[in-house]
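Student: Sharing a structure here in structure tokens format.
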Amino acid sequence: MTRMIDIYSILPVMIVAGWALLLLVVDLWIPRHRKGITALLAAIGLAIALGFVLASSGNTILGFNQMVVLDGFSSFMQVLFLVSGMVAVALAYDYIQRMNINHGEFYVLMMFSIAGMMLMSQAYNLLMVFLALELLSIPLYVLTGFARTRLESEEASLKYFLLGAFASGFVLYGTALIFSATGQLDFVGIAAVVTAGSANSVLFLIGAALLLVGFGFKIAAVPFQMWTPDVYQGAPTPVTAFMSVAVKAAGFAALMRVFLVLFPSLSEHLTPILWVMAALTMIVGNIVALAQNNIKRMLAYSAIAHAGYILMAFVAFGNGEVVGNTVAATLFYLVAYGLTSFGAWALVIVIEREYGKGILLDDLAGIGKHYPWLGVAMLVFMLSFAGVPLTMGFWGKFYLFRTAVQAGYIGLAIIGLLTSVASAYYYLRVVVYMFMKPGEPKLQINPWVSLVIGVAALAVLLLSLIPWTILELASRAVLLLQ
Amino acid sequence: MEFGINPLVLMTFFPLVGVLVLVFLAPQQKNAMRWTALGTSLVTFAISLWVLFLFDPNKADNLLVQIPWFRLAGVPIQILMGVDGLSILMVLLTTFLTPIAILSTWKAVEEQVKGFMIFFLLLEVGMLGVFLALDLVLFYIFWEFTLIPMYFLIGVWGGKNRIYAAVKFFLFTMAGSVLMLLAILYLGLQAGSFSQPELVANRSLFAGSQLLLFLAFAIAFAIKVPVFPLHTWLPDAHVEAPTAGSVILAGVLLKMGAYGFLRFNLPLFPQASVQAAPVMAVLAIIGILYGGAVAFAQKDIKKLVAYSSVAHLGFVMLGIFALNPEGLSGGILQMVNHGISTGALFLLVGMIYERRHTREMSEYGGLWKAMPIFGGISLVVVLSSMGLPGLNGFVGEFTILLGAFGSKVLGSPWFAGIATLGVILAAAYLLKMFEKTFLGPITKEENKSLKDLNLREIITMVPLLVLIFWLGIYPQPFFNLINPAVEQLVQLVQSAALVLH
């Protein structure tokens, strides 16, 4: 028997999914050269959903027989997903026209994927987790290959699909093992069985490890990062921007929700694994990025490295004293990283002349001189990525490293800090090319993309002066978790 | 508090007014940009004189500003700024050298004047913030922030190898400061505060790990100073930087490292400081001798001056780690002296480079005959850098050697004895440089027609010359400013030393 409160708890998800279905039909009547209307409608749908998320935030509801949960954490993440979605629409509008892939389904698929992410942040049952994972992934496989007939896009799509399907298999198998260990699928039930001590501990542990593999794939943690550079490079750039922010956030949402609620008792076994994963992710991401000349690939490795920083704070997930800070620091960092990342990807869109062309470091030469404001904005993003003060990236890293130190993982913090010095090298290289090498850049500037760049740069700078605004939201989101 | 705004805050952020004006100037209004930058930095200097007027050497918390910023995981991060005897001279040095450096760029910088001036003023904000911040996080923010403008000054307006030098400068400093960041985070967690005075008061809370914490801070500061063997970025940065950049780099940025030792390492970790003192002193002496020896071998004048900085800063470090009043106050005064003398040397090198576009000593010779005013000023500056009695360098070096000689912590007169060799070395390389460039007959045809200094260049040098003589003949007012703070610091460290023995 469905109650009103159940509907209410997932209303924003239903709005996004329903709107996307309607849009799919409406789009048929929108002529090819007017696809801007589809983009606008998609953005409106996301905005309406955002309004409902904001209106319902502050409540804590377990809906549909504990299948889904609405709490501060999910509200925070959903705002992040919806805003990311709107930014991605703004970035894509001009880009898909220029690249001649102007089909209305682009926006529809993006909305489905967002619905999946939103559901992921609310899932309170392992089957819901799997459902959400598939709902967010499958449209993305299509979006990655959206520039079909272009080899790199198709290749990326196929790679992403094969490896993604593989990862989904891990999640499903992990779910099955946890079910056989506890006889339960919903989080409340599993937690109760674990507390009672009647779970089969070996199966439970293996199940948890398999889930870690699946989620590790989504957040692109080493050693499950192989797909990232190729997919990020081959996918249409707005899709890449969307993946690097929203998909990563969704992966972390799942990781945090599942691990903090279900697996604190396994922290003894999982912590060493996470420690190594975090260290490797930071090291591999940052070191390999040093060697990249293609900006898309460089940002892909940088995205891997940033997942490593977040994982560093996540290692302490079983430590009750620290875990509040872990979640708050992660949420804060996701916002800082998201703003910075969208800004940087928007710049890639601006310099990308043809599909996948004109995005080498050399193509940045002279931007600082001919487009000073654009140069300054990119400087802000690079400094924020590197964690230099007076950017959001600095406070984000500050909080993550503080959490790692608080949990006692000083060795890991040192690895993180040293690799972030290495990262400064490749971020500075971008600055070197923009400001210190002569060149005549040819840019494709579009008002919507400029708006994204401007707003992101200002936000990265100004929010760093008043970081408490985001911090408070992030720490309030913590309280309602579990 | 006359105008309802704290003079320290006003002084620190006043250069931003100039930045704001500069942003709205059109690219061809180059002179307007120069005047804006100069005017802004002069007003900042005037405010710093007002700060000096309000300053009471016997108080530790002059003009204290305390504004809560926000709380991160329960620990407050504040805008906490104040000035005391350790920082007042550094602040004045910064506000004094900035307009001089800007004046020196009038003809030297023609490309992208706007960006240059904006970065220069931003750099001044960062440097003042470093010297005034008393909250560790705020300090770190300013510390890292100074990197960005300097990185651009070297990288965009520098010499042939500028990009390499700029990136090396950035990465070296950043590599050092990340460990400091880790130490700051640890301190904040242990003591529940980032405020330097509060941490000093509660230092027993982290006394157990103070040697490691000392090391983390020391690496960050030692790279900046630079202490041998972490100095390799300095010659590159100095040689490639534009003249004004070198002046500020040598004059102020290097002092941030030495100041960091005074402000954080000694008071926060006194026992560790006492334990580490002999090691630091040995490194300082290696720096003195090594810097001097390498300077002697240089053919490029700017490189020679750069390596002489390594040697001079070695004296400063020796003074600081003598850990007695003479050593510390001598060290602080020598920081000022080095800022003035080496700043002046870089300006002179810049002036001759603008005329001949080379810095090779072999290209010159007999310059005195062609440029008598230039020669005269150079002689005074070279002698001051050498430490000739009656000029500023002598006072600082002498006080430091006195301190090192009588230091209980170092426990041996040999430190001072060997360091004295450095004074002789300095005389050797500086006189050699002077002889090769200025004395004898004019050997090169191009040098015969060189124009002597113009009025602007003389105006640039005069304030420095005044200070060179003033500090050399009557340094007492300067010592009066720093002594009370030094006494307090020494007492704090010595009581810690007693605990140790």
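Student: Going by what's in this entry, would B:Ala416 be described as surrounded by 13 or more Cβ atoms within 10 Å (Cβ to Cβ) and farther than 30 Å from B:Ala101 by Cα?
Tutor: Yes.
Student: Here's something else I'd like to know. Condition first: in contact with a Pro (Cβ under 9 Å, 6 or more places away or on another chain), part of a loop (DSSP other than H, G, I, E, B) and under 30 Å from A:Leu80 (Cα atoms). Can you find one or more residues in the stretch A:343-356 that meet it?
Tutor: Looking through the stretch A:343-356, at least one residue is in contact with a Pro (Cβ under 9 Å, 6 or more places away or on another chain), part of a loop (DSSP other than H, G, I, E, B) and under 30 Å from A:Leu80 (Cα atoms).
Student: Looking at the stretch B:130-157, I want the residues that are under 23 Å from B:Gln190 (Cα atoms) and have a partner that is outside any helix (DSSP H, G or I) and among the charged types (D, E, K, R) with Cβ atoms under 9 Å, at least 6 apart or on another chain. Which pairs are those?
Tutor: Note: pairs meeting the criteria are B:Leu134/B:Asp61.
Student: Any chance the stretch A:211-220 includes a residue that's touching a residue at least 40 places away in the same chain (Cβ under 8 Å) and assigned to a loop (DSSP other than H, G, I, E, B)?
Tutor: Yes, because at least one residue in the stretch A:211-220 is touching a residue at least 40 places away in the same chain (Cβ under 8 Å) and assigned to a loop (DSSP other than H, G, I, E, B).
Student: Residue check: is B:Ile47 over 11 Å from B:Leu132 (Cα atoms) and more than 14 Å from chain A (Cβ to nearest Cβ)?
Tutor: yes
Student: Taking A:Phe385 as meeting all but one of (1) in contact with a His (Cβ under 9 Å, 6 or more places away or on another chain); (2) under 22 Å from B:Glu144 (Cα atoms); (3) of a type outside the set (Val, Ile, Thr); (4) not in a helix (DSSP H, G or I), write down the number of the exception.
Tutor: Just one mismatch for A:Phe385, condition (4).
Student: Residues that are at the interface with another protein chain (Cβ under 10 Å from one of its Cβ atoms) and either hydrophobic (A, V, I, L, M, F, W, C) or in contact (Cβ under 8 Å) with a residue 60 or more places away in the chain (or both): does the stretch B:192-202 have at least one?
Tutor: no
Student: Something else: Taking the options B:Leu134, B:Leu121, B:Leu97, name whichever one is buried (at least 24 other Cβ atoms within 10 Å of the Cβ), more than 18 Å from B:Ile332 (Cβ to Cβ) and touching a Gly at 6+ places or on another chain (Cβ under 6 Å).
Tutor: Among B:Leu134, B:Leu121, B:Leu97, only B:Leu121 is buried (at least 24 other Cβ atoms within 10 Å of the Cβ), more than 18 Å from B:Ile332 (Cβ to Cβ) and touching a Gly at 6+ places or on another chain (Cβ under 6 Å).
Student: List the residue pairs whose Cβ atoms are under 6 Å apart, where the first residue sits in the stretch A:442-461 and is farther than 18 Å from A:Ile96 by Cα, the second is assigned to a loop (DSSP other than H, G, I, E, B), and the two are 6 or more positions apart or on different chains.
Tutor: Sorted first by the residue in the stretch A:442-461, then by its partner, the pairs are A:Val460/A:Thr391.
Student: Looking only at the stretch B:160-171, decide whether some residue is buried (at least 24 other Cβ atoms within 10 Å of the Cβ) and at the interface with another protein chain (Cβ under 9 Å from one of its Cβ atoms).
Tutor: yes
Student: Next question. What is the residue count in the stretch A:394-414 for residues that are more than 7 Å from every other protein chain (Cβ to nearest Cβ), part of a helix (DSSP H, G or I) and of a type outside the set (A, V, I, L, M, F, W, C)?
Tutor: 4
Student: Please tell me if B:Gly176 is within 28 Å of B:Ile285 (Cβ to Cβ) and touching a residue at least 40 places away in the same chain (Cβ under 8 Å).
Tutor: Spelling it out, B:Gly176 is indeed within 28 Å of B:Ile285 (Cβ to Cβ) and touching a residue at least 40 places away in the same chain (Cβ under 8 Å).
Student: Where in the stretch A:1-63 are there helices (runs of 4 or more DSSP H), lying wholly inside it, with at least 2 residues that are over 24 Å from the mean Cα position of the chain (by Cα) and closer than 17 Å to A:Ala92 by Cβ?
Tutor: A:11-26, A:36-56
Student: Looking at A:Ala424, A:Ala386, A:Ala407, can you tell me which residue is crowded, with 23+ Cβ neighbours inside 10 Å, in contact (Cβ under 8 Å) with a residue 24 or more places away in the chain and under 30 Å from A:Tyr124 (Cα atoms)?
Tutor: After ruling out the rest, the residue left standing is A:Ala407.
Student: How many of the residues in the stretch A:462-473 are in a helix (DSSP H, G or I), within 12 Å of chain B (Cβ to nearest Cβ) and not aromatic (Phe, Trp, Tyr)?
Tutor: Residues meeting the conditions: 7.
Student: Could you say which residue among B:Leu38, B:Leu42 is more than 13 Å from every other protein chain (Cβ to nearest Cβ), within 30 Å of B:Asn483 (Cβ to Cβ) and not in a loop (DSSP other than H, G, I, E, B)?
Tutor: B:Leu42
Student: If you don't mind, another one. Kindly provide the set of residues from the stretch B:73-88 that are buried (at least 20 other Cβ atoms within 10 Å of the Cβ) and either among the aliphatic types (A, V, I, L, M) or farther than 15 Å from B:Leu199 by Cα (or both), ordered by number.
Tutor: Answer for the stretch B:73-88, where residues must be buried (at least 20 other Cβ atoms within 10 Å of the Cβ) and either among the aliphatic types (A, V, I, L, M) or farther than 15 Å from B:Leu199 by Cα (or both): B:Ile77, B:Leu80, B:Met81, B:Gly82, B:Val83, B:Asp84, B:Gly85, B:Leu86, B:Ser87, B:Ile88.
Student: Out of B:Gly287, B:Gly339, I need the residue that is out of contact with any Pro (no Cβ under 9 Å at 6 or more places or on another chain) and either under 28 Å from B:Ile352 (Cα atoms) or not hydrophobic (A, V, I, L, M, F, W, C) (or both). Which one?
Tutor: B:Gly339
Student: Could you please give the count of residues in the stretch B:55-86 that are within 14 Å of chain A (Cβ to nearest Cβ), in a strand (DSSP E or B) and among the hydrophobic types (A, V, I, L, M, F, W, C)?
Tutor: Number satisfying all stated conditions: 7.
Student: Next question. Would you check if A:Thr340 is more than 21 Å from A:Leu458 (Cβ to Cβ) and not in a loop (DSSP other than H, G, I, E, B)?
Tutor: no
Values in this text are rule-based calculations from the coordinates and carry no lab data. Treat the numbers as computed from the prediction; the structure is a model and nothing was measured. No Cβ is skipped: glycine too gets one built from the backbone with ideal geometry, and neighbour counts run over all protein chains shown.
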